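**Student:** Below you'll find the structure I mean.
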Amino acid sequence: MTVSDKPTMIEFRDVQKYYGDYHALRGINATIKAGEFFSLLGPSGCGKTTLLRTIAGFEDISSGAVLIDGKDAAQIPPNKRPTNMVFQSYAIFPHLTVEQNVGFGLRRENLSKDEMGRRVGEALEMVGLKGFGKRAAHALSGGQRQRVALARALILKPKVLLLDEPLSALDKKLRENMQVELIKLQRQVGITFILVTHDQEEALVMSDRIAVMFEGQIAQLDDPETLYRRPKSRQVADFIGTMNFLPATAHPTSDGGFDVDVAGLGQCHIPADQAPGAATGNGVNVGFRPETLTILYEGQQPTDRETPGTVEEVVYYGDMTYYDVKLDGVAEPVRLSMRNVPGRPVLDIGTRTRVAWSPSALVLFR
Amino acid sequence: MSSGGFLQRIGRSEAANGLTMISPTAIYAILLLAAPLVTVFVYSFMADGPAGSLIADFSFANYVKIWTGKIYRAIMLRSLWVSMAVTAVTVILAYPVAYFVSFNVPPNKKALWLFLITIPFWTSYLIRVFLWKVILGYNGVINSGLLSLGIIDEPLTSLNYNVQAFVITLAHAYAPFAILPIYVALEKIDRSLLEAGQDLGESRLMTFWRVTLPLSMPGVIAAILIVFIPTIGDYVTPDLIGGGKLPMIANMIQVEMLKQNHKAMGSAIAVSAMLIVAGVTLIFLLLNRRFLKGQK
């Protein structure tokens with residue numbers, strides 16, 4: 001069963017939010033499915049955290065509706081919602097021990113002491129903190145606090161787990177480990193995870209679907225691959241990964257695609273699905289990712305097209321090398337990446353070279 | 001190594017710098033605080049002779065008299081009772097004020113509110129106590145007001161010359177001292193903890209009970225100590241509001257020391273009062289440690 005077959009868990013219907021004169025959410029429409037790992041991605045101030053907090057009930061909306069599991073959330077106070085949150089600061093209660101923190105929400109279930117201990121123990125084991133129950137909250141590292149926050153939220157078996165930039169306070173290695181652990185955890189518990197992040201890589205790695213937000217609006221909502229390969233606007237393309245842009249002119253063709261003339265690359269045909277912004281005329285742009293270009297070494301033939309250029313900058317990353325290549329007839333250099341495999345020497349600055357490309361990797365923007 | 005070089009090195013050391021900086025204060029404190037304290041302590045073990053003289057006959061006789069004598073005990077218990085009542089009333093009234101300023105006043109108005117809270121300090125303590133006498137007295141504002149309105153036929157006596165009047169006066173005088181530490185403790189609470197409390201299914205009231213209140217306890221205990229310690233030794237209020245009929249420890253010390261000229265007995269009462277305060281303080285400090293245990 002794919003995600004799209006599942007029932008809707010969260011629905012935003014034209015959600016608007018004003019802080020005084022400031023328009024924080026400008027008509028959000030989206031549905032999030034049950035069991036989905038959904039990310040809200042965007043730069044700081046884009047409204048992603050505000051949107052998450054409307055689900056938790058910590059922000060009232062100015063108009064529109066938020067539906068949780070089919071019910072209008074406006075009438076449900078935060079403590080009665082079937083959602084739990086992992087806060088950015090983790091919000092671990094400093095006056096309680098780890099197990100008191102994890103068991104905090106179980107008080108109202110009137111469990112026996114044994115049952116309580118068993119549930120807390122299970123939750124701690126699930127997040128890999130077995131045996132940490134008696135520790136004081138302040139004696140924990142950042143990664144451990146995050147696990148406590150996760151256990152404390154998941155122990156209540158919510159329908160939706162809300163994660164507000166949960167990994168941003170961790171160092172790179174730990175963050176990458178936690179990304180994988182969170183994905184596994186989500187598969188294990190099978191509930192909806194909604195993640196807020198400004199880290200595009202994190203969103204791509206973890207999500208089933210991503211909503212990219214700018215200035216209080218969703219710019220694009222798609223699965224990670226579509227978002228990366230077929231961004232709908234320059235803004236989205238720029239925010240997710242690196243994308244080269246070259247000026248072009250475009251003329252529509254009868255099949256819905258475009259005949260384009262790209263500066264430096266020449267003429268080619270772009271089918272409709274590679275032109276989500278449907279742009280014609282002069283002054284349009286063609287975008288492509290660095291890894292879709294290939295440097296052709298002596299004697300190599302392109303699989304599709306090739307164009308000459310000069311290496312302007314070389315950035316060596318160990319496994320990869322990034323080149324800035326100035327294509328003949330284009331003012332701005334384009335960036336391309338090559339995997340460093342045996343028999344493929346790193347080129348020097350100033351080397352004349354040929355670059356292979358394919359129209360299938362191009363995206364047309366307004 | 002020459003001695004000159006050694007002295008120079010000491011002169012340049014951080015410890016020496018520190019000592020130099022605190023020395024004026026230290027000398028002041030030793031002369032005006034430690035020395036009299038030691039004197040009082042020594043006096044308390046001596047015996048009173050005729051006409052204010054002291055007899056160097058060291059014993060616990062004064063202490064035995066104080067801790068077994070009915071009158072002394074009654075006065076000490078009254079002091080303890082009054083100061084505990086004042087502390088309880090002050091802190092219970094101060095908490096909502098501190099809570100309101102911390103949680104409900106917009107951040108740009110907080111400084112103004114704190115400033116307003118300190119306004120009572122603009123008048124001298126003595127004048128404030130005297131004003132309460134004017135308000136609460138037999139012919140005071142309340143009684144004459146109620147009389148002229150015909151609500152009562154003769155002045156109420158429940159407002160003046162009694163412990164309630166002490167509590168009203170002292171609670172007002174010490175309210176800012178209680179509000180400020182509680183406010184500081186409440187300000188330090190990470191607001192996301194309160195959201196977390198609600199997120200985990202607790203109502204606002206239960207979140208207050210399980211999160212806000214325990215986290216603000218260090219401030220509450222500081223407030224308790226700040227109010228309790230000076231009120232138990234208060235002299236002005238029992239004298240003015242109580243009309244001298246309900247003496248507390250300080251009044252008793254004054255009577256022994258100045259009126260009866262019993263320096264040894266007065267000193268022993270003073271030391272006993274200090275012991276009571278120290279005992280109560282210790283209890284609260286231990287409590288505070290318990291609340292601070294889980295926090296940084």
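The values are calculated or read from the model by the stated rules, or taken from the named source; none is laboratory data. Model, not experiment: these values are computed from the prediction. Glycine also receives a Cβ, built like all others from the backbone with ideal geometry; neighbour counts cover every protein chain displayed. SASA here: full protein model, heavy atoms, side chains in, ligands and nucleic acids out. Shrake-Rupley method; radii C 1.70, N 1.55, O 1.52, S 1.80 Å.
**Student:** Looking at (1) hydroxyl-bearing (Ser, Thr, Tyr); (2) free of Cβ contacts under 8 Å to residues at least 12 places away in the same chain; (3) assigned by TED's automatic domain parsing to the domain that holds B:Phe166, which is the one condition that is false for B:Tyr99?
**Tutor:** So the condition that B:Tyr99 fails would be (2).
**Student:** Another question about this same structure. Residue by residue through segment A:124-149, note down the ones that are of a type in the set (Gly, Ala, Ser), assigned to a helix (DSSP H, G or I) and within 22 Å of A:Glu165 (Cβ to Cβ).
**Tutor:** Those that are of a type in the set (Gly, Ala, Ser), assigned to a helix (DSSP H, G or I) and within 22 Å of A:Glu165 (Cβ to Cβ): A:Ala137, A:Gly142, A:Gly143, A:Ala149.
**Student:** Scan (1) outside any helix (DSSP H, G or I); (2) open to solvent by 20 Å² or more (accessible area, probe 1.4 Å) for the single condition A:Val66 breaks and write down its number.
**Tutor:** Condition (2) is where A:Val66 drops out.
**Student:** Here is a follow-up. Taking interchain pairs and intrachain pairs at least six residues apart, which have beta carbon atoms under 6 angstrom, with the first residue in segment B:254-273 and on the phi > 0 side of the Ramachandran plot and the second open to solvent by 10 Å² or more (accessible area, probe 1.4 Å) and modelled with pLDDT under 90?
**Tutor:** Short answer, once both residue conditions are applied: B:Asn261/B:Gly52.
**Student:** Provide a single number: the residues in segment B:159-190 that are within 16 Å of B:Met217 (Cα to Cα) and either of a type outside the set (Phe, Trp, Tyr) or within 14 Å of chain A (Cβ to nearest Cβ) (or both).
**Tutor:** Adding up the residues that qualify gives 12.
**Student:** Checking the conditions here, which among B:Ile221, B:Ile232 is touching a residue at least 60 places away in the same chain (Cβ under 8 Å) and within 14 Å of chain A (Cβ to nearest Cβ)?
**Tutor:** Unique residue meeting the criteria: B:Ile221.
**Student:** Same structure, new question: I need the full set of residues from segment B:208-218 which are crowded, with 23+ Cβ neighbours inside 10 Å and more than 8 Å from chain A (Cβ to nearest Cβ), in order please.
**Tutor:** B:Ser216
**Student:** Could you check, for segment A:117-133, whether at least one of its residues is open to solvent by 60 Å² or more (accessible area, probe 1.4 Å) and closer than 21 Å to B:Pro214 by Cβ?
**Tutor:** Checking segment A:117-133: not a single residue is open to solvent by 60 Å² or more (accessible area, probe 1.4 Å) and closer than 21 Å to B:Pro214 by Cβ.
**Student:** Keeping to segment B:237-296, report how many residues are within 14 Å of chain A (Cβ to nearest Cβ) and open to solvent by 30 Å² or more (accessible area, probe 1.4 Å). Before the answer, list the steps.
**Tutor:** Going through segment B:237-296, the residues within 14 Å of chain A (Cβ to nearest Cβ) turn out to be B:287-296.
This time we only want the ones that are open to solvent by 30 Å² or more (accessible area, probe 1.4 Å), so: B:287, B:289-293, B:295-296.
Total meeting the criteria: 8.
Yes or no, residue by residue, for (1) touching a residue at least 40 places away in the same chain (Cβ under 8 Å); (2) on the phi < 0 side of the Ramachandran plot; (3) touching a Lys or Arg at 6+ places or on another chain (Cβ under 6 Å):
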| residue | (1), (2), (3) |
| --- | --- |
| A:Lys173 | no, yes, no |
| A:Asn177 | no, yes, no |
| A:Val196 | yes, yes, yes |
| A:Glu201 | no, yes, no |
| A:Arg209 | yes, yes, no |
| A:Leu221 | yes, yes, no |
| A:Glu225 | no, yes, no |
| A:Arg234 | yes, yes, no |
| A:His251 | no, yes, no |
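**Student:** Given the structure, is B:Leu147 aliphatic (A, V, I, L, M), farther than 30 Å from B:Glu195 by Cα and either touching a residue at least 60 places away in the same chain (Cβ under 8 Å) or in contact with a helix residue (DSSP H, G or I) (Cβ under 7 Å, 6 or more places away or on another chain) (or both)? If you could, list the steps in order and put the result at the bottom.
**Tutor:** Numbers: aliphatic (A, V, I, L, M): yes; farther than 30 Å from B:Glu195 by Cα: yes; either touching a residue at least 60 places away in the same chain (Cβ under 8 Å) or in contact with a helix residue (DSSP H, G or I) (Cβ under 7 Å, 6 or more places away or on another chain) (or both): no.
Here the answer is no, as B:Leu147 does not meet what is asked.
**Student:** Looking only at segment A:267-281, filter to residues that are surrounded by 14 or more Cβ atoms within 10 Å (Cβ to Cβ) and of a type in the set (S, T, N, Q); which one of those is nearest to the chain's Cα centre (by Cα)?
**Tutor:** A:Gln274
**Student:** Quick check, is A:Glu36 open to solvent by 20 Å² or more (accessible area, probe 1.4 Å), under 27 Å from A:Ser89 (Cα atoms) and touching a residue at least 24 places away in the same chain (Cβ under 8 Å)?
**Tutor:** So A:Glu36 fails the test.
**Student:** Within segment A:227-240, how many residues turn out to be closer than 19 Å to A:Leu195 by Cα and surrounded by fewer than 19 Cβ atoms within 10 Å (Cβ to Cβ)?
**Tutor:** Of the residues in segment A:227-240, 1 are closer than 19 Å to A:Leu195 by Cα and surrounded by fewer than 19 Cβ atoms within 10 Å (Cβ to Cβ).
**Student:** State the number of residues belonging to segment A:35-73 that are away from chain B (no Cβ under 14 Å) and among the aromatic types (Phe, Trp, Tyr).
**Tutor:** 2
**Student:** Now for a separate question. Can we say A:Leu111 is over 30 Å from A:Arg26 (Cβ atoms), assigned by TED's automatic domain parsing to the domain that holds A:Ala30 and open to solvent by less than 40 Å² (accessible area, probe 1.4 Å)?
**Tutor:** no
**Student:** Failed condition for A:Asp223, given (1) in contact with a Pro (Cβ under 8 Å, 6 or more places away or on another chain); (2) open to solvent by 40 Å² or more (accessible area, probe 1.4 Å); (3) modelled with pLDDT of 90 or more, with all others met?
**Tutor:** Of everything listed in (1) in contact with a Pro (Cβ under 8 Å, 6 or more places away or on another chain); (2) open to solvent by 40 Å² or more (accessible area, probe 1.4 Å); (3) modelled with pLDDT of 90 or more, A:Asp223 misses just condition (1).
**Student:** Moving on. Select from segment A:282-310 the residues that are open to solvent by less than 40 Å² (accessible area, probe 1.4 Å) and under 32 Å from the mean Cα position of the chain (by Cα) and list them in ascending order.
**Tutor:** A:Val284, A:Asn285, A:Val286, A:Gly287, A:Phe288, A:Arg289, A:Pro290, A:Leu293, A:Ile295
Okay, residues lined up against (1) within 14 Å of chain B (Cβ to nearest Cβ); (2) under 23 Å from the mean Cα position of the chain (by Cα); (3) not acidic (Asp, Glu):
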{"residue": "A:Pro78", "(1), (2), (3)": "yes, no, yes"}
{"residue": "A:Asn84", "(1), (2), (3)": "yes, yes, yes"}
{"residue": "A:Ala91", "(1), (2), (3)": "yes, no, yes"}
{"residue": "A:His95", "(1), (2), (3)": "yes, no, yes"}
{"residue": "A:Asp114", "(1), (2), (3)": "no, no, no"}
{"residue": "A:Gly121", "(1), (2), (3)": "no, no, yes"}
{"residue": "A:Gly143", "(1), (2), (3)": "no, yes, yes"}
{"residue": "A:Ala151", "(1), (2), (3)": "yes, no, yes"}
{"residue": "A:Leu162", "(1), (2), (3)": "yes, yes, yes"}
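**Student:** Being assigned to a helix (DSSP H, G or I), surrounded by fewer than 17 Cβ atoms within 10 Å (Cβ to Cβ) and small (Gly, Ala, Ser) is the requirement here; does B:Ala223 meet it?
**Tutor:** no
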